[in-house]
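**Student:** Sharing a structure here in structure tokens format.
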Amino acid sequence: MFKKKITLTIFLLLVFSDFLETFTQFCFKKSALAGSAAALNNLSGIFGFFQGVFLTWFLWLGFIAVALTFIIWSTVLSRIDLSVAVPVASFSYVLVPLVSIILLQEKVSILRWEGIFFILIGVIFVSLSSKER
């Protein structure tokens, strides 16, 4: 199959893809918060929720970010193996909690940070194993 090495360009595309993925999640969270004032216990409340979500520009920015991520991800996958691309593009596991803390004032527990740490260790092992081939 491929067995191509990651070039600087591909690496930068992967990093940019992670930032776009984080931005997408932030936008979708903000759009969900825009609709959260509506009670979801009846049809009118559900309609109000979706109206709040769809009227925010965060939702549409999120959709644009998804489209850009798709284009970048397709480009990357045309150049390197999927089993290499996914672990390298896993930095969003750290970026999303950081953005959640800084921009959304969410709390991230020590236990969650420990879980993120172990995921990243697994990502490193997977990435290193791809070099063995």
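**Student:** FRET efficiency for S44 and L111, Cβ-Cβ distance as r, R0 = 41 Å, nearest 0.05? Kindly include the intermediate steps, with their values, before the conclusion.
**Tutor:** Values: r = 39 Å, r/R0 = 0.95.
E between S44 and L111, to the nearest 0.05, is 0.60.
**Student:** Okay, moving on. Provide the per-residue ³J(HN,Hα) series for the stretch 85-99, in order, calculated from phi with Karplus coefficients 6.51, -1.76, 1.60 and θ = phi - 60°, each as a whole number of Hz, with x at glycine and proline positions.
**Tutor:** Once rounded to whole Hz, the list reads 5, 4, x, 5, 8, 9, 5, 5, 4, 9, 5, 4, x, 5, 5.
**Student:** Can you run phi through the Karplus equation (6.51, -1.76, 1.60; θ = phi - 60°) for the stretch 111-121 and list ³J(HN,Hα) in whole Hz, with x for Gly and Pro?
**Tutor:** Karplus-based 3J(HN,Hα) across the stretch 111-121 equals 4, 5, 4, 5, x, 4, 4, 5, 4, 5, 4 Hz.
**Student:** Between L120 and L104, what is 0.36 nm times their sequence separation minus the Cα-Cα distance? Round to one decimal in nm. Could the numbers behind the result be given before it?
**Tutor:** On the way: separation 16, 0.36 × 16 = 5.76 nm, distance 2.31 nm.
Computed gain between L120 and L104 is 3.5 nm.
**Student:** Which entry in [x] 38; [y] 28; [z] 8 is this structure's computed percent of Cα pairs over 26 Å apart?
**Tutor:** [x]
**Student:** Could you tell me which residue out of N42, F16, W60 lies farthest along the dipole of the stretch 1-124 toward its positive end? Charges go on the beta carbon: Lys and Arg +1, Asp and Glu -1, centred on the Cα centre.
**Tutor:** Selected residue: F16.
**Student:** Pop a pseudo-label 7 angstrom from the Cα along the beta-carbon direction at both L33 and Y93 and give the gap in nm to one decimal.
**Tutor:** 2.6 nm
**Student:** If you put +1 on each Lys and Arg Cβ and -1 on each Asp and Glu Cβ, how big is the dipole of the stretch 8-131 around its Cα centre, in Debye rounded to 20?
**Tutor:** Working: 6 positive and 5 negative charges, 14 e Å.
I would put it at about 60 debye.
**Student:** I've got another one for you. Within the chain, count lysine pairs with alpha carbon atoms under 22 angstrom apart where the residues are 8 or more positions apart or belong to different chains.
**Tutor:** Values: K3/K131; K4/K131; K5/K131; K29/K107; K30/K107.
Count of close lysine pairs: 5.
We did not get these values from a lab; they are worked out from the coordinates using the rules stated. Keep in mind the model is a prediction, meaning the values are calculated, not measured. Quick reminder, even Gly has a Cβ in these numbers, built from the backbone with ideal geometry, and neighbours come from all protein chains shown.
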